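Note sheet for the following structure.
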Amino acid sequence: MHPFVKHFINRTIVLVVTLFIAFNISYFLLRAIPTSAVDTMLNAIAQMGQRLDPEEFMRMRQTLLELFGLTGSPLDQYLSYLRRFFTLDFGASFIVFPRPAREVVLRYLPWTVGLLLFTTVISWSLGNILGVTVSFAKNRYISRFLENLAIVLYPIPYYVFSLALIYIFAFLIPIFTLSPATMPAIRISTLHDLLNVVIHLMKAASLPAISIIVISAFGWWFISSRNLSLVAMTEDYVIYARLRGIDVGRIRRDYVLRGIMVPQVTALALALGAIFSGALVTEYIFAYPGLGSLLYQAIIIGDYPIALTILSLSMIGVTLATWFLDTFVYYLVDPRIRYAR
Amino acid sequence: MYINTRIRVFIDVLKSLSRYGRFRVGIAIIAILIALSLISLASPPRYKQWYVYPKDRPPQLTSSIDMILGTTTNGRSVFWIMVNALANSLCIGLLTALIGSHIGLLIGLLAGISRGKTELGFILLIDSFVVLPGLPILIVLALALKQSMTIHTIPLILSVIAWAWPARNVRSIALSVMSRDFITIASFSGIKFRSILLYEVMPYVLGWHLTNFINTIIWAIGMETALAIFGLSILSEDTLGTMLYWVLNFNALFRGLWWWILPPIVLLILIFIGFYLISVSVSTYLNPRLRGGVA
Amino acid sequence: MFGEYVISPQVSIKAVNNVSIELKKNEVIGIAGESGCGKSTLIKILYGFLQPPLTASGKVLLNTKGGLDLLSVSEDYKRENIWWKIMSYIPQNSMNVLNPFMKIGDHFVELLRKHLKIEKDEAYRVAEEYVMSMGMRKDVLKAFPHQLSGGMRQRVVVSLALLLKPSIIFADEPTTAVDVVLQKVLLQLLTDKQKELGATLVVVTHDMGVHAMITQKVAVMYAGRVVEEAPTEPLFEDPKHPYTQALINSLPRLGDDRPRIGLSGSPPDLRNPPPGCEFHPRCPYAMDICRREKPLRVKIDKDRYVVCWLYAKR
C-alpha cells in the first residue's frame, strides 16, 4: 500500500475515535451535572422572563430537560444527544428566542474564524522565521533581548494582555477608539459598501488581532521555533552542511527551517484547531462581534443551547482541523511520508 | 541513609538552579507575591462589605492603609481586595496543580508502562483531552455548577481538564527513559519491575513533574480568570479574575479608574512571569540541549 | 597547535595539546588512538572548523595557498575558497548525515552551483556524469536519503567529498558501524580516488586494522598529544611507545593463539590531567621521572618520532 494511503487511513481512524471520545466527554459532563441544577436554571429563566409567554417557557423547559437527560430512556437520551452533537442542533436559543441556536452561532462564526485564521497564520510564520533567524544571529544583544521578551510574553494569556493593551491605548496613547463594534449587515452591492465593511472590520479587529499576534508570535512560536532550531543545529546533517561550507542563508532555509517544519506544522494544526474557541475572552473584552461576545450574552441568561452549540462546534472543529492538517500538510512537508522506502 | 542522599541531591539541584539568573528572578517575584498574599490575613472583616468606604477614590498616601490604592465604585478598598484576591488565586492555582498534575502523573505513568490495547486507549484519551478546547468545556461545566462553587471546588472543576498536558508529558518522558540502555540492563539483571519504576524511572519523571506542576498553576490561575471575566467564578469571593469581572462590569476601563484596573492586571502578569521563569529554568536544567549557546 | 573546549570560564578540556603534524601530497596518513583521545578534534582544527565551545590556538598553514593560516582567516573566506575546493571532510556516522528533506541530486547540485558558478540544469548533468563515474546509477540523484541503503548513503557521502577534486581529504571514522565487506569496498574507493587525484588522505580511526591496510604513515594520539609518529610498516613491526605497543598487541594475528593482553585502566580526565606523562598511570614501564615531567619528542629514525622517557638520552 502506498504510504500516503496508509497515513490517510490511520489519521482518519484517529479522527473518528477522537470525535467519538469528544462526544462522550461532552455527554457525560452534562450527565454529571446534578439535576437540581436544572431547576435553578429554570428559576433563573422564569425570573427574568417576565416577557416570556407560558408556551415559550414550556418549550425552553422541555429543551433543558431533554439536554440534561431528564426525559426518555437512557438509550434514547444517548442517541438523541449523539444526533444533536453532530448536527449542532440544540434547539431554539434563549437569547433570540425562537431562532435556532445553530443559526445564531453560525452568524457570529465567520468573525471568529476570520480573526483567528488570520492571526494564527501571521504569528506562526512570523514566529518561526524570527526564531530560526535569532538562533543563527551573531548579534547577541538582539537575540538576548528577543529571548527575554519571549519568556516574559509566553505565559501571559491573550485576555490579560488585551486588558493591558486597552489600558495603554485608551489612556496613554489614545489612537484606537474603543467603541464596541456592531455587526454590519453583510450585504455588499457597491464598492462603497465593500469599503465600509472592510474599514469596519479593520477597526473592530485591530486590537484583538494585535494582542493575539504579539503574544503568540513573539511568545509561543518564537520560543518553540528557537528551541527546535537549537536542537536541529546539533543534528548531524546540519553540521555536515556547515562542514561542506554551504552558505549560512541556505543552511538556515533548506536545513534548519526545513527540519523544524515537521513538528511546527503539527503544532500549527493544533493551533488552527482552536480557531473556533481560541480567543473567546479577548473577543468579549474588545466587544468584537464573534463567538466570545455571543457566549457572554448566552452565559448571562443561562442559554444552554448556544453554549452547547459552541462547545460541539469547537470540539468538531478542532478534530477536523487537526485531521486535515495532519493528513495533507504533513504529506507535503515530510518526504519520508511522501515516498515509499 | 537513603533519605539523606536524596536531600543532598535536592540541595545540589537547587544550587545549580540558582545559578540561572531567570530562576532567581522567578523565585524573587513569587516570594514577593506570597508575602503580599499573606497580608490578607490581617484584612479587616468589613472589607468585604460594599459602600463602607467612599466611592471611586484615587489612591491616598496620607490616610490609613485601607485607602492606599484607592476605592472601587462599590465602595471597597482596592488594597484589601487585591491582597485577598491574590491569596485566593494562588490557592486555586496550587490546589488545581496538586490535584490535576498528580492525576496527570498517575495516568501518564500508567500509559507509559501499559502495552497494546490499553496503551492505545490511554493515548487516545489523553490526546483527546489535550486537543479538545478547554475553555468551552469549563464554561458549560461552570455554567451548571455556578451555584455550588467555592474556592475549594473550582480546582476540582479545573482539574477535569488540567490533568491532560501533564499526563502526555509524563508518558513521553517515561517512554524515553525506559527505552534507555540502563533500564534494559536493569531489567535483564532481574530487578523487579516495580523497583525499576520507583528508583530508575521516577527520578527522571519527577523533575518534569515539577515543571508540569508549575505550569498547571499558571494554567489554572489563567483559566479561573477567564471564567471569572465571563462571570462564571465565585463572584462573592475575591480572586484576581472576579476583580477583573467587576472592573469590566462597572466600566472602570472607560471611566479611567486606573488604580482599580492595574492591580489585577499587574499581579496576574507577575504571577505568570514568575512561575514561568521557574518552570523554564527547571526544564532547561533537565534538557541541556536547550541551553543553547549561539553556534 | 592547541585545541580547547571551553565549557565554562572555570572548566575547559584541552583535547589537543601541542601537536604538530605535516601532511604531504599523495600520502595516506592515519591518526590512531582510543575514543576521547582528541583525534576528531585534531582534524576539526586541521580543517579549520571551530564551533563553540571548541577554540584553537597555534597555526594551520596551507602550502597551496602560499602559507595561509587557516585559524586566522574568517569562516566566510574558508567557506568560499577552502572548504570542499581544497579540503573536504567525511564526517563520523556518515550513514546519517545527508539532509533528509533534500534529494541526493540537490546535495550535488548545491555544491556544483556554488563553486563552479553554473546553472542548475548544467550542474545536474555534471552530477549525473560524476555519479556514474563513481559507479552508481544516475537514478540515485532522484532519491531521498531515506530511500537508499546505508551503504549507498555512505558511498554518496564519499562521492560528495571527492566531487571538487580536493587536495586534502579528511575522513573521521569513515567505516565505523559498517560491515567488513562494505568497509573494504569503501576504503578501496577512497584510496583509488586519492591516488588518482594525488591528494592527501587523513584517516582517523581507532581501528588499527584499517591503518595497517591503507595508511603510509600513522600518528598515535593519547590524551591530546601525539605520542608516536612513524611510517606504517615499521610502526607495526616495532612499536616504540608503550601505548602503541599495547594498541598493536591487542590486534589478533594469524597463527598466534596467545591470549591478547588489553590495556587496563581508562584514559585520563582531560579537565584535570595527571602530572608528567599523561600515560604513566597505565604504563607498565612507568619510572619516577614519568610522574614528574612531561617527556620530550625524540627522533628515533628517519620520519620516526616518539614522546617517551624510555627513549630519551640522559
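The values are calculated or read from the model by the stated rules, or taken from the named source; none is laboratory data. Quick caveat, the model's predicted, so the values are computed rather than measured. Here the Cβ is made from the backbone with ideal geometry for all residues, glycine too, and neighbour counts use every protein chain on show.
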statement: Residue hits (segment B:71-115; under 30 Å from residue B:168 (Cα atoms) and over 18 Å from the mean Cα position of the chain (by Cα)) are B:106, B:107, B:108, B:109, B:110, B:111, B:112, B:113, B:114, B:115
message: Going residue by residue through segment C:106-126, is there one that turns out to be assigned to a loop (DSSP other than H, G, I, E, B), of a type in the set (Asp, Glu) and either surrounded by fewer than 21 Cβ atoms within 10 Å (Cβ to Cβ) or more than 17 Å from the chain's Cα centre (by Cα) (or both)?
response: yes
- prompt: Among the residues of segment B:147-170, is there at least one that is closer than 30 Å to residue A:310 by Cβ, at pLDDT below 85, within 12 Å of chain A (Cβ to nearest Cβ) and assigned to a loop (DSSP other than H, G, I, E, B)?
  reply: yes
- prompt: Taking segment A:192-234 as the search range and keeping residues that are hydroxyl-bearing (Ser, Thr, Tyr) and assigned to a helix (DSSP H, G or I), which one is farthest from the other protein chains (Cβ to nearest Cβ)?
  reply: A:206
- prompt: What number of residues within segment B:111-134 satisfy the criterion of being assigned to a helix (DSSP H, G or I), more than 9 Å from every other protein chain (Cβ to nearest Cβ) and modelled with pLDDT under 85?
  reply: 2
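Going by the structure shown, is residue A:237 more than 10 Å from chain C (Cβ to nearest Cβ) and either in contact (Cβ under 8 Å) with a residue 40 or more places away in the chain or of a type outside the set (D, E, K, R) (or both)?
When the stated conditions are applied, residue A:237 does not pass them.
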query: Which residues, taken from segment A:282-341, are out of contact with any Pro (no Cβ under 7 Å at 6 or more places or on another chain), closer than 17 Å to residue B:226 by Cβ and not polar (S, T, N, Q)?
result: A:284, A:285, A:290, A:291, A:292, A:294, A:295, A:296, A:298, A:299, A:300, A:307
- prompt: Among the candidates A:116, A:126, which residue alone is crowded, with 21+ Cβ neighbours inside 10 Å and more than 9 Å from chain B (Cβ to nearest Cβ)?
  reply: A:116
- line: Within segment B:9-48, residues over 25 Å from the mean Cα position of the chain (by Cα) and surrounded by 12 or more Cβ atoms within 10 Å (Cβ to Cβ) come out as B:44, B:46, B:47, B:48
- prompt: From the list B:234, B:218, which residue is more than 8 Å from chain A (Cβ to nearest Cβ), of a type in the set (A, V, I, L, M), surrounded by fewer than 24 Cβ atoms within 10 Å (Cβ to Cβ) and touching a helix residue (DSSP H, G or I) at 6+ places or on another chain (Cβ under 8 Å)?
  reply: B:234
message: Please go through segment C:152-183 and give me each residue that is farther than 22 Å from residue C:200 by Cβ, without any contact (Cβ under 8 Å) to a residue 40 or more places away in the chain and part of a helix (DSSP H, G or I), ordered by number.
response: C:152, C:180, C:181, C:182
task: Starting from segment A:152-171, keep only residues that are more than 7 Å from chain B (Cβ to nearest Cβ), then list their pairs with residues that are part of a loop (DSSP other than H, G, I, E, B) and surrounded by 22 or more Cβ atoms within 10 Å (Cβ to Cβ) whose Cβ atoms are within a distance under 6 Å, requiring at least 6 positions of separation or different chains.
output: A:158/A:279
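Please determine, by comparing only the residues of segment A:224-241 that are farther than 25 Å from residue A:150 by Cβ and out of contact with any strand residue (DSSP E or B) (no Cβ under 9 Å at 6 or more places or on another chain), which one is surrounded by the most Cβ atoms within 10 Å (Cβ to Cβ). Steps first, please.
Within segment A:224-241, the subset farther than 25 Å from residue A:150 by Cβ is A:236-237, A:239-241.
Next cut, out of contact with any strand residue (DSSP E or B) (no Cβ under 9 Å at 6 or more places or on another chain) only: A:236-237, A:239, A:241.
Numbers: A:236: 16, A:237: 19, A:239: 19, A:241: 24.
The extreme case among them is A:241.
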- prompt: Would you pick out the residues in segment A:254-264 that are surrounded by fewer than 20 Cβ atoms within 10 Å (Cβ to Cβ) and away from chain C (no Cβ under 11 Å)?
  reply: A:263
message: Please determine whether any residue of segment C:147-162 is among the hydroxyl-bearing types (Ser, Thr, Tyr), surrounded by fewer than 22 Cβ atoms within 10 Å (Cβ to Cβ) and away from chain A (no Cβ under 13 Å).
response: no
- prompt: Here are some conditions: (1) at pLDDT 90 or above; (2) touching a Phe, Trp or Tyr at 6+ places or on another chain (Cβ under 8 Å); (3) under 30 Å from residue A:302 (Cβ atoms); (4) away from chain A (no Cβ under 12 Å). Residue B:225 meets all but one. Which one does it not meet?
  reply: (4)
- line: Per the filter on segment B:54-79, residues buried (at least 18 other Cβ atoms within 10 Å of the Cβ) and over 16 Å from residue B:243 (Cβ atoms) are B:57, B:66, B:67
Hits in segment A:285-300 (condition: within 10 Å of another protein chain (Cβ to nearest Cβ) and surrounded by fewer than 24 Cβ atoms within 10 Å (Cβ to Cβ)): A:296, A:299, A:300
query: What do you reckon, is residue A:269 more than 7 Å from every other protein chain (Cβ to nearest Cβ), assigned to a helix (DSSP H, G or I), surrounded by fewer than 23 Cβ atoms within 10 Å (Cβ to Cβ) and in contact with a Gly (Cβ under 6 Å, 6 or more places away or on another chain)?
result: no
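Here's the yes/no breakdown for (1) more than 20 Å from residue B:233 (Cα to Cα); (2) modelled with pLDDT under 85; (3) more than 9 Å from chain B (Cβ to nearest Cβ):
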{"position": "A:305", "(1), (2), (3)": "yes, no, yes"}
{"position": "A:314", "(1), (2), (3)": "yes, no, no"}
{"position": "A:319", "(1), (2), (3)": "yes, no, no"}
{"position": "A:334", "(1), (2), (3)": "yes, yes, yes"}
{"position": "A:340", "(1), (2), (3)": "yes, yes, yes"}
- line: Sole miss for residue B:52 among (1) hydrophobic (A, V, I, L, M, F, W, C); (2) out of contact with any Ser or Thr (no Cβ under 7 Å at 6 or more places or on another chain); (3) modelled with pLDDT of 80 or more is condition (3)
message: farther than 19 Å from residue B:83 by Cβ and either in a helix (DSSP H, G or I) or in contact (Cβ under 8 Å) with a residue 40 or more places away in the chain (or both): is that true of residue B:6 in this structure?
response: yes
field: Some residue of segment A:113-123 being in contact with a Leu (Cβ under 7 Å, 6 or more places away or on another chain), modelled with pLDDT of 90 or more and of a type in the set (S, T, N, Q)
entry: yes
